[in-house]
Amino acid sequence: MFTIFQKEIRSFLSSLIAYMVLIVFLAGIGAFVWIFPDTNVLDYGYADMDTVFRLSPYLFLFFIPAITMRSFAEEKKSGTIELLFTLPVRDWEIILGKYLAGLALVLLAILPTVLYYYSIYQLGEPVGNIDTAGTIGSYIGLFLLGAVFTSIGIFASSLTENQITAFILAFFLCFIIYQGFGLLASLDDSTGFSYLVVQLGIEHHYATIRKGLIDSRDLVYFFSLIFLMLLLTKTVLGSRKW
Amino acid sequence: MSVIVEQLSKIYGKQKAVNNVSFEVKSGEILGFLGPNGAGKSTTMKIATGYIPPSEGTIRVCGHDVRKDSMAVRQNIGYLPEHNPLYLEMYVKEYLQFIGNMQQIKGKKLRKRLDEIISLCGLEREQSKKIAQLSKGYRQRVGLAQALIHDPPVLILDEPTTGLDPNQIVEIRNLIKEIGREKTVIFSTHIMQEVQAICNRAVIINLGEIVADSAVSELTNLQKSESIFLLEFEQAVALEPLQEIEGILRWEQLTPKQYKVFAQPEKEVRGEIFKMAGEKGWVLLGLRQEENSLENIFQQLTKS
């Protein structure tokens, strides 16, 4: 598994797309937090990182499918998947290796924003007037959200040998799971049903964690989604054996 | 026996890609696995390497059953898939190192093995190039090196010479011959000369079934049921009188002046034909016996 992880990281680092995605993500977030008039923290008046955590999921919608779209689609297209699946490793080791490599890249994208925390901490009046617990919770939430998106991206990539299809599929699935259920639940409904629907979406659980409250129900939700997606990936890749 | 194929069948939907195929390969043998495109060669090889499971029957590699002990089988096999898939963005050495790691070879042992395999496959000058920069012949060597990195007792090569130029074909063949001295090699192709050039034994399959399994030297004896003569005359003639010659079975007209005559192999009919041509006043320009070549045998065996 570690060998696959290593290989994937190397291939990310030797391809332009990883750098481009990282730069665009960080430049985008940076611009929203510090420059754009409607969202920048300087005019906003409150020393918090709300902008980062509110906008990152939307950037992740583009960014994560872009890094995961290659993972299986390219192997399928070039035929190397046959090579991989005839080496003495189990299918789940390959899936996990690829998944963790994608996740590592997501982590790499999030990490530099810790600098913003430090800056905003210093800019507070008085210095240090920032909700640290909330920020840590938000980081955990954002990471879990990224982890779910990555698993969705890997799954989408296993379905097709076309990277563009994988990208669009992953984007669409991520959007539905992130916000689709919430939007559906906002339909007028006098019964309690919409509350059930809203809980299916990531947005609801992400919002809870962002308050700094790490509830086991939310963790179970995130981990089950990741597990489900990776299991589906394994099923799709195993379908050659049917 | 290092590879045993036992009553192997693979069914895709309603189509039987491989139908009750059994054969064995001894260690140290180079087996040519022949058949037209779509005969089930690749399917059999994919089953042997554990990529897809058999529908019925099984394959045993060095005593391990692909159905029960897939990981052990994979460790004992070096596999070069059809079309030789490679990670083009990787460097030659990096790629071989990756495959070596996947085969659980690490550290010093791997470095030593890398040097060995690079020199065996003649990749010294190309080892620090990107695979994408290599010509097809060198890519094929990288594919072979990849299959050999863990020093497996069994080597499975799916059409390793397709798409190479004649010089490269000879080079790859020599390499396979060299490797085949110590290992069991199963080697698929649809080119008969290739089998003649490097294999000890050939298994020919067609439409998923074995149609021949014999030593290459005996292959030419397989289809001696009739000998074929090519006759050419100066003018168009009617050959009906040939019926009188004992041993002649039938004939086909190729062009108005050329005929293909089929005869029983144990009778010598050429003299009679000459005599008859003299009597009838036919001007015979040529009479040539057609070699029962491997190509012919292949065609006869795999006619659908």
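The values are calculated or read from the model by the stated rules, or taken from the named source; none is laboratory data. Note that the structure is a prediction, hence the values are computed from the model and not measured. We place every Cβ from the backbone using ideal geometry, glycine too, and count neighbours over all the protein chains shown.
Computed quantities for the displayed model
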| read-out | value |
| --- | --- |
| Criterion (in contact (Cβ under 8 Å) with a residue 24 or more places away in the chain, touching a Pro at 6+ places or on another chain (Cβ under 8 Å) and closer than 30 Å to A:Ser14 by Cα) met by exactly one of B:Gly78, B:Gly122 | B:Gly78 |
| Helices (runs of 4 or more DSSP H) completely within segment A:119-185 that count 1 or more residues being hydroxyl-bearing (Ser, Thr, Tyr) and within 22 Å of A:Arg54 (Cβ to Cβ) | A:132-159 |
| So B:Asn76, is it more than 14 Å from the chain's Cα centre (by Cα), over 23 Å from B:Leu294 (Cα atoms), surrounded by fewer than 24 Cβ atoms within 10 Å (Cβ to Cβ) and away from chain A (no Cβ under 14 Å) | no |
| Hits in segment A:200-223 (condition: under 17 Å from A:Gly134 (Cβ atoms) and of a type in the set (Phe, Trp, Tyr)) | A:Tyr206 |
| 2 or more residues among the charged types (D, E, K, R) and either within 12 Å of the chain's Cα centre (by Cα) or at pLDDT below 85 (or both): qualifying strands (runs of 3 or more DSSP E) within segment B:190-265 | B:248-255 |
| Identity of the residue in segment A:60-81, surrounded by fewer than 22 Cβ atoms within 10 Å (Cβ to Cβ) and within 13 Å of chain B (Cβ to nearest Cβ), that ends up nearest to A:Glu203 (Cα to Cα) | A:Glu74 |
| Tally of residues being surrounded by fewer than 23 Cβ atoms within 10 Å (Cβ to Cβ) and in contact with a Cys (Cβ under 8 Å, 6 or more places away or on another chain) across segment B:143-167 | 3 |
| Helices (runs of 4 or more DSSP H) enclosed by segment A:43-90 - at least 1 residues per element that are within 20 Å of A:Leu16 (Cβ to Cβ), touching a residue at least 24 places away in the same chain (Cβ under 8 Å) and of a type in the set (Gly, Ala, Ser) | A:50-68, A:70-78 |
| Hits in segment B:47-68 (condition: surrounded by fewer than 17 Cβ atoms within 10 Å (Cβ to Cβ) and part of a loop (DSSP other than H, G, I, E, B)) | B:Pro53, B:Ser55, B:Gly63, B:Arg67, B:Lys68 |
| Among residues of segment B:23-46, those that are assigned to a loop (DSSP other than H, G, I, E, B) and crowded, with 20+ Cβ neighbours inside 10 Å, counted | 3 |
| Options A:Gly79, A:Gly124: the member that is on the phi > 0 side of the Ramachandran plot and not acidic (Asp, Glu) | A:Gly79 |
| Residue in segment A:22-31 that is aromatic (Phe, Trp, Tyr) and under 30 Å from A:Gly212 (Cβ atoms) present | yes |
